[in-house]
Amino acid sequence: MVKLTMIARVTDGLPLAEGLDDGRDQKDSDFYKQQAKLLFKNLSNGHHEASRMSIETGPYFFHYIIEGRVCYLTMCDRSYPKKLAFQYLEDLKNEFERVNGSQIETAARPYAFIKFDTFIQKTKKLYLDTRTQRNLAKLNDELYEVHQIMTRNVKEVLGVGEKLDQVSEMSSRLTSDTRIYADKAKDLNRQAFIRKYAPVAIVIGVVIMLFWAKNKIW
Amino acid sequence: MHPPTGNERLPGRPVSGFVPGSAAAAGPPPFAAGAPLMRPGAAAPFAPPTQQPGVPPPLAGASPAAPFGAAPPAAMGGYRGPPPPQGPFGTGPPPQGPFATASPPQGPFATASPPQGPFAKAPPPQGPFAAAPPSQGPFAAGPPSQGPFAAGPPSQGPFATAPPPFRHPPSLGQPQSPTGSGMPAPTYVRPPPVQSQPPPVQGYYPGVPSSNPQFPMSRPAYQPPMQTMPPPPMGPPSSYSNQPAYPTSGPPMGTLQSLVEDFQSLSVSSAPGSLDPGVDVKGLPRPLDGDEEPAKVFEAYPLNCHPRYFRLTTHTIPASQSLVSRWHLPLGAVVHPLAESPDGEEVPVVNFGSAGVIRCRRCRTYINPYATFADAGRKWRCNLCTLLNDVPGEYFCALDASGRRYDTDQRPELSKGTVEFVAPTEYMVRPPMPPSYFFLIDVSVSAVRSGLLEVVAKTIKSCLDDLLGFPRTQIGFLTFDSTLHFHNFKSSLSQPQMMVVADLDDVFLPLPDDLLVNLVDSRHVVESFLDSLPNMFHDNVNVESALGPALKAAFMVMGQIGGKLLVFQSTLPSLGIGRLRLRGDDVRAYGTDKEHILRVPEDPFYKQMAAEFTKNQIAVDIFSFSDKYCDIASLGSLAKYTGGQVYHYPSFQATTHGEKLKHELSRDLTRETAWESVMRIRCGKGVRFTTYHGHFMLRSTDLLALPAVDSDKAFAMQLSLEETLMTTQAVYFQVALLYTSSSGERRIRVHTAAAPVVTDLSEMYRQADTGAIVSLLARIAVENSLSDKLDSVRQQLQLKLVRSLKEYRNLYVVQHRIGGRLIYPESLRYLPLYILAICKSLALRGGYADVSLDERCAAGFSMMILPARRLLNFIYPSLYRLDEVLTMEPGRIDGSLKRLPLTLQCLDTAGLYLLDDGFTFLVWLGRMLPPELVNDILGVSLANFPDLSKIQLRECNNYHSRNFMTVLRTLREKDFSCYQLPRVVRQGEQPREGFLLLSNLVEDQMAGTSSYMDWILQIHRQTQSS
């Protein structure tokens, strides 16, 4: 059963539409919405991902497809057939591109296509029950293959981003650290130089002073 | 024209006109004219003679006019050189009302006006009157034949008796010399076309002196005799010119103001022992032009938002606590965030895109026209907290030499006081909600019998096309009596299914969804439901009403989405949780300390429910129809805390009230609404908003949660001073309303305004805004009435008024020796009347017997949300005389409607009057009105139709009726938010006339309340006693 549906632009993670909330039975929908938003953010940060993917999170699965720089994401129960979920997303994609295709790039405000939620709502209802004739037919449709779609865990996916962030952070720290090291080394070098030649210089200075004084007195 | 009343006394200065216009010709006009007088150039006011006590009514004959007319030019001619007719008037507003209404003498004057101009300006006249305060120069110059006067009889009595000086005028050309000893002779060239100079002395004469008491001043000779005249209230002009201390920002009105009279005064002293109270009733100030928006403020601060969005009670901020405590009136603001612009002006929309909304880091103020840029445009300084913020790269723009951004004019947020920002995702906790409407309809027997169901069903059906938010709109219905009836609107059904839930203790939803459905998908089901609704319950005889459980069910249905919940309730809720009992008929409670308990919700259930509703973005509108008590006080609290509205239709009958309900319900459903909104008002350092008044739920200390808000709702708030504002020049205010529009956009509407900080109390009075003060006072009073007796609420109001006038008096009384007058600032001239009107308003008037408890509470709820203009019209309704208008051509009707003072004396038994308080039209038929006219309008003969309460006004096929309906339509078009239901009452028809009309004539004395004149006297006495 479909719990959550979101559509966002991949380039900047801007949400474009979202299914109407009727998560009456769902107490933790906010948490999963947050995760979905993180996913979008990851995508917009340029981590290249497959255009179709399933991600497991808690008792649910996120399924998404990316097409035409738009990401269509839904969250379903574990038991919900993957095949149906992706067909659902395909339906959304087709309709969304048909209706709003030309304006996707120019959308400037969040939820610019919120009107699409009525379609999401309607389509969702069609996919609610897996045992209807229509859905059974879709399940048996051999033409639509979903086996090769990768399944990963949400921690992993979100973790990749985190790890990459960490690495880049570490590397940038490395550069700044090297710079500090170089500065410090130069400083040390100078100090060593001073330590080495200072006594000699002082002695010579004293001698010269003495000479000068002698000349002056006598 | 009313003959001036005998003992009208002139206010100290000409300025103090009270009643422009209303008081009509002879008497008051000078007053009215007074105001313009002060301004240079407006000398014309001289024209209308006012009477001095003891002097017979003015001549008013034509003959006096002539000489008068002739005379002035002569005199003036003397002074003036070039006749630039209007030029001199330039600075002064052209004389208005008073002139129009003025009596004959004016005519001549009008012609004479060109010469006057120069006078006003010309200093020379002053020379001669060395004794005269300079400011009076113009006056002195005014009356041409004064020369003779000077020589003439000193006191008024003498005026009448001693015409001789007057007779001189024939020789006008020369007579000037006596007075004009000092006048510039050379210019004295042009004698006017003097006609005959009859001795119309009296008429003419009284006019002059009375119209400006300074008169004596200009002619010292006069002064002593004029004992009855109070000394001119004006001190040396210098004291005035200093006063417009606008120490802060640009004092655009400063110069003008300094010339204008500072205060007005009203003579209330009477000769000891005389019966006449000494007040000219006709001369009292009356707000017959309705609300005055402080347009001057807007002109002075063009970067401010328009005053229709934000009005301060005084457009100044006192610099110190001591000043606040001397102000006495409430200090605060009235905010009307979604006010409709009369000319359909759109609020500019700004999208910052990737830069994000530009706000101050510390105080979260939005960027606004008062923000200043620094560091070559890389930083901006917040005008509220003075923090220096970075300008995001995308928003950067270079500055010109004066530190102004080059793109200021292209960016509305930097050049306009009102803008809307497109809110990015950070401002959303969820995607924008679809507008949704859920109807909770009582179908018990009284609703069926009154025809309510039919009207409601038809109205909703007719509005389906116009509901907001197409195509996302959600709609649902729940009907209830002793059980709850759910209706399934699944789009695949052809007929709605009804499911009855009888378990009131543990309400559950019989269906998981399809109770609140998308209107587009289920349109046919909804329509067939509405068609069958009246019949469905046609035979229902159930008298119970389970409102509480129905509310719970509604909450379960719409909790996820939010939206608007419209409750149609026609009896007292009698079953389940939230059951209420009859308590309104408890006479014994009145006048005791328990009185107010009747006006607060009885059952905490309603407030708790309201809190839940607000949390889930549900706004509740209550439509109540009971003919018996149905505890509006409790039901209304649902609307009060959810940003809703209470509509009350006592004894609803579809035939009579149907139109009103239809109009108001469709307005409620189709007006532009802001959903799931929150509002916050920020202000600069040193001041803080403390209390808020209106319909909302306060979240945290200063965040107003408004599940739905629209253009019919205004909010008021009080301000307190936290620290002394020593260094600040101006205090800034910013109202921000974050909302979802019906089209599903998240927007932030921002209104910014600045007000100067002042250290001078008189400046605060000068900038006072009566409309805002009255709004705020009325709301405070209504709120107080929930915790106090009506009587003490009224006393508190009176006390505030007295204190503030007393304080004002103290400012001037010593300086100007105005013993026996009530003085008040020009800006507050209507305040005493409005406060009297608040005390007599439906919500606060009288006691138990005067207004039914439900009506009182409903009026209280209305007063809490009305914007200033409508509130003023509600407490001081407009009264028009129609019988003459009805015979006019339809095209001229609008212009010829004149408001009349609300007093029985204005009602002529041969007249037809219309009273419009914004909620109802009251048609009053005089006893002597020609029966044909009545028949034409009513469409029936009065004799055959004894019960006027059942009559309906329809357009009949005759001239009068068509015109009458045009008038009603014209008045309704001025304000769409309410539909005024016409009710007809005949003169002398008791008791209806009493509670419909007489109680609305706020200037008259009613049982236990004072008339306007008594009120003024009372206030005056109290301001004098220390």
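Structure above, values below:
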{"quantity": "Residue order, fewest to most surrounding Cβ atoms within 10 angstrom, among B:R581, B:R870", "calculated": "B:R581, B:R870"}
{"quantity": "Loop-located trypsin sites (Lys or Arg not before Pro) in segment A:22-103, at most 15 other Cβ atoms within 10 Å (DSSP)", "calculated": "A:R24, A:K27, A:R69, A:R78"}
{"quantity": "Cleavage-rule hits, chymotrypsin sites (Phe, Trp or Tyr not before Pro), segment B:478-536, DSSP coil, Cβ neighbours within 10 Å at most 12", "calculated": "B:F508"}
{"quantity": "Kirkwood hydrodynamic radius (C-alpha pairs) into Stokes-Einstein, segment B:367-413, 20 °C and 1.002 mPa s, D in µm²/s", "calculated": "201 µm²/s"}
{"quantity": "Per-residue HN-Hα couplings for segment B:552-562 [Karplus 6.51, -1.76, 1.60; θ = phi - 60°; Hz; x = Gly/Pro]", "calculated": "5, 4, 4, 4, 5, 6, 9, x, 5, 9, x"}
{"quantity": "GluC sites (Glu not before Pro) lying in DSSP loop within segment B:678-776, provided at most 14 other Cβ fall within 10 Å", "calculated": "B:E722, B:E723"}
{"quantity": "Rh by Kirkwood over Cα pairs, then Stokes-Einstein D for segment A:2-168 at 1.002 mPa s and 20 °C, µm²/s", "calculated": "131 µm²/s"}
{"quantity": "Ranked B:M499, A:M75, B:M764, criterion: other C-beta atoms within 10 Å, fewest first", "calculated": "B:M499, B:M764, A:M75"}
{"quantity": "Sequence-separation-based contact order of chain A, relative, with Cα cut under 8 Å and 6+ spacing, percent", "calculated": "24 percent"}
{"quantity": "5 angstrom amide H check on B:T314, placed H, neighbours 5+ away", "calculated": "B:G332, B:D769"}
{"quantity": "Segment A:170-217 - Debye-derived log10 I(q)/I(0), Cα point model, q = 0.15, 0.25, 0.29 Å⁻¹", "calculated": "-0.59, -0.85, -0.93"}
{"quantity": "Over segment B:617-747, equivalent-ellipsoid semi-axes from the Cα gyration tensor in Å", "calculated": "35, 18, 12"}
{"quantity": "Relative contact order (percent, whole number), segment B:877-1001, Cα cutoff 8 Å, 6+ residue spacing", "calculated": "29 percent"}
{"quantity": "Per-residue Cβ neighbour rank within 10 angstrom, fewest leading, B:T728, B:T690, B:T365", "calculated": "B:T690, B:T728, B:T365"}
{"quantity": "Efficiency of FRET from Cβ geometry, B:D289 and A:N45, R₀ 41 Å, rounded to 0.05", "calculated": "0.05"}
{"quantity": "Segment B:500-569 shape via C-alpha gyration tensor axes, a/c threshold 1.5", "calculated": "oblate"}
{"quantity": "Relative contact order (percent, whole number), segment B:349-414, Cα cutoff 8 Å, 6+ residue spacing", "calculated": "29 percent"}
{"quantity": "Viscosity 0.890 mPa s, temperature 25 °C, Stokes-Einstein D of segment B:968-1014 from Kirkwood C-alpha radius, µm²/s", "calculated": "192 µm²/s"}
{"quantity": "Local electrostatic count at A:I208 - Lys and Arg +1, Asp and Glu -1, tallied over other residues with Cβ under 14 Å", "calculated": "+2"}
{"quantity": "A:V99-B:R449 pseudo-label distance in nm [points 7 Å out on the Cα-to-Cβ vector]", "calculated": "4.9 nm"}
{"quantity": "Principal semi-axes in Å for segment B:877-1001 [√(5λ), Cα gyration tensor, largest first]", "calculated": "19, 18, 15"}
{"quantity": "DSSP-defined antiparallel bridges as percent of all bridges, segment B:877-1001, nearest 5", "calculated": "60 percent"}
{"quantity": "Student exercise, segment B:898-1013 dipole from Lys, Arg, Asp, Glu Cβ charges, in Debye to nearest 20", "calculated": "220 debye"}
{"quantity": "Sorted largest first, extent of segment B:303-375 alpha carbons per principal axis (Å)", "calculated": "49, 39, 17"}
{"quantity": "Separation in nanometres of the label points that stand 7 Å from Cα toward Cβ, at B:D343 and B:S402", "calculated": "2.4 nm"}
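Read-outs throughout are calculated quantities, based only on the coordinates presented, and are distinct from any laboratory measurement. Since we're looking at a predicted model, the values are computed, not measured. Counting neighbours? That spans all protein chains shown, and the Cβs are built from the backbone with ideal geometry, glycine included.
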